[in-house]
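The values are calculated or read from the model by the stated rules, or taken from the named source; none is laboratory data. This is a predicted model, so every value here is computed, not measured. Ideal geometry is used to build each Cβ from the backbone, glycine not excepted, and the neighbour counts take in all protein chains shown.
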Amino acid sequence: MAKLSDAYSQLNDEQRNVFESLRPSRGELQGMYSTLFNHPELAETLSKLGTYLRYQGALSPYDTEIAILTTAREMSALFIWQQHLKPAKAAGVEQRLIQKVQKRAPSSAVTPNRQSQLIVEIARFAARAERIPVDIANEAIKSLGKPGLIEIVVIAGFYRMIVTVVNGFDISLPELEQAVI
């Protein structure tokens, strides 16, 4: 696929304001966002969903970052993994848990906390586009509520979409600190 142009210079004032409004929560807008702004309305909609999932949803920042890192690892998505190490640590996700997710350890070995184990299990199923077993879904509903369960699945789908955009349009990624996850 040919790369799409960086759309920033072609935005009207309203679209440029939307683009600039994303900077505080996203930092430097590069790669996916500069490509997606070839379709500004879609870029804005996706950004709103990402903001909701990360900062406004039913899950705590800790639980959200576990779901994101697990999804990134299941998809071998180095860019997402790297981009979420700092937020995960800031949310209190323990280095040991991060290392266990990185090694794809069984959820029972990742953490003794059953709720975090459920998040890892559900994110793994969702990242692989597999059905979540009924017993795990029911346990997650008791622990996280239906909104929490749904958000884990949507987080996995959202980050799968990001990987699809990055790969589909051959988007150059910033230099990564680690070569492997």
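Within the stretch 166-173, none of the residues are at pLDDT below 95, hydroxyl-bearing (S, T, Y), under 25 Å from L36 (Cβ atoms) and under 14 Å from the mean Cα position of the chain (by Cα).
Where helices (runs of 4 or more DSSP H) fall entirely within the stretch 33-138, those with at least 3 residues that are out of contact with any Phe, Trp or Tyr (no Cβ under 8 Å at 6 or more places or on another chain) and either charged (D, E, K, R) or without any contact (Cβ under 8 Å) to a residue 12 or more places away in the chain (or both) are at 40-51, 61-74, 78-90, 95-102, 114-127.
Within the stretch 160-172, the presence of a residue that is touching a residue at least 60 places away in the same chain (Cβ under 8 Å), assigned to a helix (DSSP H, G or I), out of contact with any His (no Cβ under 7 Å at 6 or more places or on another chain) and within 17 Å of L59 (Cβ to Cβ) is excluded. Looking only at residues of the stretch 108-159 that are surrounded by 13 or more Cβ atoms within 10 Å (Cβ to Cβ), hydroxyl-bearing (S, T, Y) and more than 19 Å from the chain's Cα centre (by Cα), we find that the one that is modelled with the lowest pLDDT is T111. Against the criterion of being out of contact with any Asp or Glu (no Cβ under 9 Å at 6 or more places or on another chain) and either within 21 Å of L53 (Cβ to Cβ) or aromatic (F, W, Y) (or both), E94 does not qualify.
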